[in-house]
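Down below is the structure, laid out as structure tokens.
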Amino acid sequence: MRNRMLGQLVVAAAVAGSAACSSFLDAPEAVANPNQPTDAGINQQFVATQTALTLQYTSDLARTACIWVQQCAGTERQYGQLGMYDYGEDAYNSSFAQVYTGGGLIDIKGVIDKADAAGDDAYGAIARIIEVMQIGIAADVWGDIPFSQAVSDNPAPALDPQEDVYAALQATLDTAITMLASGSGAGPGSVDLYYGGDASKWSRLAHTLKARYALHVAEREGSSAYTLALAEAQQGIQPGDDFLGIAADNPQSYNAWYQFVVIQRAGYMFAGRELVDLLQQRHDPRLDEYFVENDNGEFVGADPGDATSSEFSGFWVENAPAYRQPIVTWQENSLIVAEAAFRTGNMALAESSLNDVRQAVGLPMLGSVTLEDILAEKYIVLFQNPEAWSDYKRTCYPDLTPAAGAQAVPGRLLYAVGERNSNPNVPAPAEQPARNWNDPNACN
Amino acid sequence: MLPIFRKRVWVALGAVVLAATTTRAAAQQPVTVTGRITSEAGSPVEGAVVSIRSLSIGASTRADGGYELVVPGSNVSGQSVVLDVRRIGLKPDTAIIVLSPGTTITHNFVLSANPLQLGEVVITGAGTQTTAERIGTVRTSVDSSLIIQSNEPNIVNALAGKAAGVNVASQSGSPGASASIVIRGLNTIQGTGQPLFVVDGTPIDNTTFSTSGNTGSTDTPNRASDINPDDIESVEILKSAAAAAIYGARAGQGVVLITTKQGHAGETRYTLRSSVRRDEVNRTIPLQRTYGQGTGGTAATCTRLDCTLTGSSWGARLAPGTPTYDHARDIYTDGATYDNALTVAGGNNRTTFFLSGAATNQNGITVGNHDEYNRYSARLKATHQLATGLTLNANIAYVDARGQFLQKGSNTSGVNLGNWRSPPEFNNFDYIDPATGLHRSYRFPNPSAASQTTSRIYDNPLFVINDQDNTQQVGRSFGNVGADWLATPWLTLHYQIGADYASDERLETLPMTSAGYPQGQLIRGTLVNNQLDQTLTAQAIKSWRDGWDTRFTLGGNLNSREYSQVLVTGQNLIAPEPFNLQNTTDYTTNDFHSLIRGQSVFGQLQQAIGDQLFLTGTVRDDGFSTFGSSQRYHWFPSGTAAWTFSNAFNPGNVLSTGRLRVAFGEAGTEPGVYITNGFYSGGFLGGSYGDALQASQGGRGGLFTSGRRPQSDLGPEVQKEFETGLDLGFWNDRSSLSLTYYNRRNEDVIFDLPLPFSTGFTVQAANAGTIRNAGFEAQWNITPYQTAHANWDLGFTYARNRNKVLELRGTDAVDLPTGGFFTGALVSAVEGHPIGVFRSYDFVRCRAGDATNFADIDGDGTPDDINALCGAAGAANGSVYLGPDGFPIDDPTLRVVGDPNPRWTGSVRTGFQYGPFKVTGLVDIRRGGDIWNGTKGALYNFGTHRDTEIRGETVRFGENFIPGNPKNGHMDVFGPGKGKDVVIDESWYTGLGSGFGPVASQFMEDAGYVKLREIAVEWTFKGDWLKRTLGLGALDLRFAGRNLATWTDYTGIDPETNLAGAEVAAQNVDYFNNPQTRSWILTVGLHK
């Protein structure tokens, strides 16, 4: 009797179990990921795109540029190798990915789509300017890049010629400037961590960027590029409105340079001899704004790949985790005006624009200026800024001695192996050009 | 249609229960059955189980081989019953006895050896069992004595060298370090390659999870190590898909079935086993003690407070008499392990019990008491016969495992990174600055009082050992309760509900001044694992006539696995201590929860034909919540045939037993949890060197699109395997030989298919890989000498496996999880190569037939055709090109430069017994396979490796200098620099010869070894005086050595090492790993 009851219980349990089965596997608690949101609003996506932009302009690419233009020196392990222009095809995977993936183009497009759908021109314009900066730096270092087919349904986006990419960026900046001028839309307001939603500041930034990218094609296009750069820079950023990277005094927001040289890779990088010597020779007050004394109380910079690390000066940013790294400044803008004016024959404007910067940094005014005065000033102003590499490739100033055993400072980066492995449009390293379209000639 | 089918299975299961009835027996006087069991050679057999199965009565034999069964009067009716005796390793026997009320029956048995284990009852998983000769796949079992003999606290380590095709590798010799077990080669890309562990029918967790990422962090236990090895009766390893198919989508990496000991009716038995183990470091890194800290041959010194020094030892030759320190050895001392286990087992004819308690206390080989692992466990296993045919059983274990660990690996706060990079003249033991009481390291020797949050660049190893606090505390209970009901003589029902619940509390710290985070950091949190598993099976047996029977099993399984992980990283300590989150100013959280559900039905049909041919068919239909929404269910079939052809004819004396096996089956590997989902992340956006910004900034929440593209079509990985083999017994089975061939194809292997970044995503989970493993296994046992008093056994295993990644749809190569960490040596799956190969850069060399062999060797910006140059120079394939300066140059193409998979593995085991004395030994062999000696590469760069002592010497590449291995080896060279004298110095070892340079190929070394894993002398004393004076049945004394000798060409620590242990499938990665140990063990066993 007892056995029979037990049997009935087992059957009841089995039937109950089977009845519950259809929802057992497909129930929301069984299939949904409880750890992550599945949707994001325009403001959240916009914040992430701003963060990604700061990182892109202050992390791997900025450090590489700084080493290769010899403002900095790679002194240890992978960075000692990088100083000798030796790096793996995988070294820039995260930088390349940042252009397009989370925080990059995919979310920038998300912001643009949401802003356009809401008819918010201010928001849409600002997102477009961020897109230009994210794509622009990619075109600067890799040349031909996926752009027109990127972040679409195309599983293997084609490489667009660098020339076309720069032209598209100029057009996008024009669109953004027009949209900002229309005055429609509330914009991001305080969610904008760079300019607090100030449309006029964004508009001036867009003009400076137009000037910057005009210079990037100057080797190909000659004086028309300088004419455009001059016209745009004259509507560019004004003192006090520099476009500065995001940083704050907490570990989630520390300046990326600070993170690298203090927290993550102490000893990998020190001051570069080229810049230290130049500043010393000019008695330039920026020497101890950029660098700190070495253990012997001196400012000493390293040659490329020099591994005698205890001798060299470190970086001032080591003491400033919350330092907002300059990305685009009025000083750069003013020096674009100076150079473009110089090259288009307006010496008075060249002189006044250069002297504006010299005055601001505490240097004596110059009576007459040479191109080298302007370029030297810009080389110093662009300390730790990836733009310094673009300038060097175009102007060949300063006259750098490449690292031992190399004939020239590299003209571009190898495509990230992560992209090459899965995108058949990207050539193997041996088939990649040594230089980009906009920079046909090596300096040495 | 499928859900309806499933419902029908459940209803059918219930129906057979209802249909069942039972009968009652009339009451009578009891019957006593006694006797003695001896071996063929005449020695008493202890621990054999004698039972009358039809009455569920059993007892085990004493040390003298005697047994006694009492059949209660209620069960006695003058009937004939079968008396059955079984012991592992001996052929089972039966006798028919007549139970006449009130009588005493004496029946002795003589059991013969049974190396082929025929007739033994074998647990085959998911509630099924059968006898060994019916199994159509090769059987791999390890019994308790072999596990105890290994002296390994971790059950996985105890399996090393025990079974052909089962490769075990421990992470390091640290207490609590994980051990990886890979069966028949690696079959997966995304997973860990670890098999499913099942204890007494209930799956248990065997995760390895390091607190802060497995390339750094600490050594970490694999959770199967929570099992007390003393509790284990036997381990069955299901190697083939055909055997494992009954576990469906969880069995694709094999299954390890563990059966714990149980009590038997009769006298209560007590066993106390205590052992003391002394551990010492077995192999160390060769370091130089000639040159001091500095660069360019100049000593680096600094006297100023807070000065920083170079990390290198490229300084001046140390003046004679300068004290130097042996950094390779000086932080190691003797470690000790104390192991105490008590078991009590017994029962009567209705109730049995097994109770155990054990304590294992390990103090590792590093100085001080900061590498410790302590495990306390208790288990109660009991059965009670509630009514005739109805038995309830319960089996519950509780484990408390807590350890203190040292940080390791690629971690500037790891113990050996700073240690082995230290210049020889720096005494790491003076790690506290006398003036300030603060941490000093060789790169930061003069701390000021203000340097409390300044990085020491590389932490002093003594600071790491003494000042960090890295702990793990696990409380775990696991076990099951269930019922067996012999509903009718032909139908058995079995129900079991099991649970495995573990809470694991973690703390990992970086005190102030740590290189890893100078402001101080701690990670605190809890991992909770909770698995529930229910199985209901019905087994029907129909005997048609002698030797012809049919067995049908139908079962259902419901499984749920819940995991929760809350880890909080607190940064910026306010006061140096305590390591408490309130004492930090900033927190980041890692809060993760997951739930996986599985629902399955399975069936098995077995047909015995004439007691010689056995056919088995199995099918499992698995549903998992981790499968994509369109692929919720998957079928796993298998079929096997076993033919004992020696039963068909009398094969004679030489070939006494012969068996042929053929099997085909499918098993699966389920996708990782949530890899089908897309989402937004609020995490960090990062650069290549750990510099990162959180998406949210300025108090504004930020979310970015996850790099994972959603995928709804994901199904399980499917393993299809064909296996065939022969089991042969010779000379009355004194020798046995088992040969097996298998060929398995893993299709739909899941990996995160890398997408072009320019699509906006980085990966998408896809069933896109195909991997083949094919191999051959042999096991040969022989007893060359056997008398009543002496016995000599020899056993050999051999296994070779060939692995190949046949297809990676959509990509040429994909890195294994965390295998992509080291840019110098990616661990990857590459189409056309074995899985887990190392990818890196090599020197420019001749590569016959490789159309991609181009490199710019003259620096003109145009790649040159290297193979054409080789042809012109008549250089042999593989020759390294030497430039005009006499040095090789690096090839910019990423290539496969090493393969960690062994050519073959094997073992030799022997045991010699003479009376009470026994000597046993086990030699474990691994031939071939590469290991990445990343440690050496780094130490070359820093000039502390002994090889760098040749600095300043003039050599010729390929003649008397080989990169990575200057003392030996062979390298053909060609090119303009051939035969040119070059000076090997700092510029070579910090340039192309450095581990931080691109050419990791020079640090690939042969990982082969021959190991003396076990050797022991044992003395067992039994006798009357022992009984009279101490009240003991037996006493044994054992003196053993563990891992005493390792013969290898590897120039690093022990080649059995792996940076991330069992946490990842990537094997043979050595980057500042903790070393291995060898041990001496003294064990005393008392038996009552």
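The values are calculated or read from the model by the stated rules, or taken from the named source; none is laboratory data. Quantities reported herein were computed from a predicted structural model and do not represent experimental measurements. Here the Cβ positions follow ideal geometry from the backbone for every residue, glycine too, while neighbour counts run over all protein chains shown.
Observations on the model:
- Applying the criterion of being touching a Pro at 6+ places or on another chain (Cβ under 7 Å) and assigned to a strand (DSSP E or B) to the residues of the range B:60-83, the residue that is farthest from B:G347 (Cα to Cα) is B:V71.
For (1) in contact (Cβ under 8 Å) with a residue 60 or more places away in the chain; (2) within 14 Å of chain A (Cβ to nearest Cβ), each residue gets a yes or a no:
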| residue | (1), (2) |
| --- | --- |
| B:S736 | yes, no |
| B:N743 | no, no |
| B:T759 | no, yes |
| B:E777 | yes, no |
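- Applying the criterion of being closer than 21 Å to B:D858 by Cα and at pLDDT 95 or above to the residues of the range A:410-431, the residue that is nearest to the other protein chains (Cβ to nearest Cβ) is A:L414.
- Lone qualifier among B:L726, B:L693 - being within 7 Å of chain A (Cβ to nearest Cβ), in a strand (DSSP E or B) and over 17 Å from B:T762 (Cα atoms): B:L693
- From the options A:Y397, A:Y379, residue that is out of contact with any Lys or Arg (no Cβ under 8 Å at 6 or more places or on another chain), touching a residue at least 12 places away in the same chain (Cβ under 8 Å), part of a helix (DSSP H, G or I) and of a type in the set (S, T, Y): A:Y379
- For B:S712, the requirement of being within 14 Å of chain A (Cβ to nearest Cβ) and within 29 Å of B:E831 (Cα to Cα) is met.
- Taking the criterion of being farther than 18 Å from B:L238 by Cβ and either free of Cβ contacts under 8 Å to residues at least 60 places away in the same chain or in a loop (DSSP other than H, G, I, E, B) (or both), the residues of the range B:161-204 that qualify are B:G161, B:Q171, B:S172, B:G173, B:S174, B:P175, B:G176, B:A177, B:S178, B:I189, B:Q190.
- Selection status of B:G929, within 16 Å of B:Y841 (Cβ to Cβ), buried (at least 23 other Cβ atoms within 10 Å of the Cβ) and not polar (S, T, N, Q): no
- Among the numbered conditions (1) more than 14 Å from every other protein chain (Cβ to nearest Cβ); (2) of a type in the set (A, V, I, L, M); (3) surrounded by fewer than 21 Cβ atoms within 10 Å (Cβ to Cβ), the only one that B:A401 does not meet is (3).
- Checking A:T344 against (1) buried (at least 20 other Cβ atoms within 10 Å of the Cβ); (2) in contact with a Phe, Trp or Tyr (Cβ under 6 Å, 6 or more places away or on another chain), the condition it does not meet: (1)
- Just so you know, in the range A:138-183 the residues that are assigned to a loop (DSSP other than H, G, I, E, B) and among the acidic types (D, E) include one that is farthest from the other protein chains (Cβ to nearest Cβ), and it is A:D144.
- Residues in the range B:838-897 that are in a loop (DSSP other than H, G, I, E, B) and among the charged types (D, E, K, R) were compared, and the one that is modelled with the lowest pLDDT is B:D860.
- Extreme residue, modelled with the highest pLDDT, among residues of the range A:83-92 that are buried (at least 23 other Cβ atoms within 10 Å of the Cβ) and more than 7 Å from every other protein chain (Cβ to nearest Cβ): A:Y92
- Those residues of the range A:307-356 which are assigned to a loop (DSSP other than H, G, I, E, B) and either modelled with pLDDT of 95 or more or of a type outside the set (A, V, I, L, M) (or both), in sequence order: A:T308, A:F312, A:S313, A:P321, A:A322, A:Y323, A:R324, A:Q325, A:T329, A:T344, A:G345, A:N346
- Given (1) closer than 21 Å to B:G335 by Cα; (2) at pLDDT below 95; (3) polar (S, T, N, Q), index of the condition B:T1029 fails: (1)
- Whether a residue is more than 30 Å from B:G201 (Cα to Cα) and either of a type in the set (K, R) or in a strand (DSSP E or B) (or both) was assessed, and B:R273 does not pass this test.
- Taking the range B:648-677 as the range and being surrounded by 17 or more Cβ atoms within 10 Å (Cβ to Cβ), farther than 19 Å from B:T137 by Cβ and of a type outside the set (V, I, T) as the test, the residues that pass are B:S656, B:E670, B:P671, B:G672, B:Y674, B:N677.
- Being under 23 Å from B:A829 (Cα atoms), away from chain A (no Cβ under 14 Å) and outside any loop (DSSP other than H, G, I, E, B) holds for only one residue in B:T905, B:T910, and it is B:T905.
- Scanning the range B:700-723 for residues that are part of a strand (DSSP E or B) and among the polar types (S, T, N, Q) turns up B:T705, B:Q719.
- Residue count for the range A:114-151, restricted to those that are in contact (Cβ under 8 Å) with a residue 40 or more places away in the chain, more than 27 Å from A:G41 (Cβ to Cβ) and more than 15 Å from the chain's Cα centre (by Cα): 3.
- Single condition B:S477 does not satisfy, out of (1) part of a strand (DSSP E or B); (2) surrounded by 21 or more Cβ atoms within 10 Å (Cβ to Cβ): (2)
- Hey, B:T140 of a type in the set (V, I, T) and in contact with a Ser or Thr (Cβ under 6 Å, 6 or more places away or on another chain) or not: no
- Considered as a group, the residues in the range B:738-783 that are of a type in the set (A, V, I, L, M) and closer than 30 Å to B:L118 by Cβ include one that is modelled with the lowest pLDDT, and that residue is B:I782.
- Candidate set from the range B:331-346 (those that are of a type outside the set (D, E) and assigned to a loop (DSSP other than H, G, I, E, B)); member that is farthest from B:R379 (Cα to Cα): B:I331
- Test: residue in the range A:393-403 that is among the aromatic types (F, W, Y), surrounded by 19 or more Cβ atoms within 10 Å (Cβ to Cβ) and away from chain B (no Cβ under 13 Å): no
- Within the range B:586-638, the set of residues being in contact with a strand residue (DSSP E or B) (Cβ under 8 Å, 6 or more places away or on another chain), within 11 Å of another protein chain (Cβ to nearest Cβ) and in a loop (DSSP other than H, G, I, E, B) comprises B:S625, B:T626, B:F627, B:R632.
- Filter pass, B:T290 being over 28 Å from B:I465 (Cβ atoms) and of a type in the set (V, I, T): no
- Test for A:D113: is it surrounded by fewer than 24 Cβ atoms within 10 Å (Cβ to Cβ), part of a helix (DSSP H, G or I), at pLDDT 95 or above and within 14 Å of chain B (Cβ to nearest Cβ): yes
- Any chance B:A575 is part of a strand (DSSP E or B) and away from chain A (no Cβ under 14 Å): no
- Test for A:A199: is it away from chain B (no Cβ under 14 Å) and surrounded by 18 or more Cβ atoms within 10 Å (Cβ to Cβ): yes
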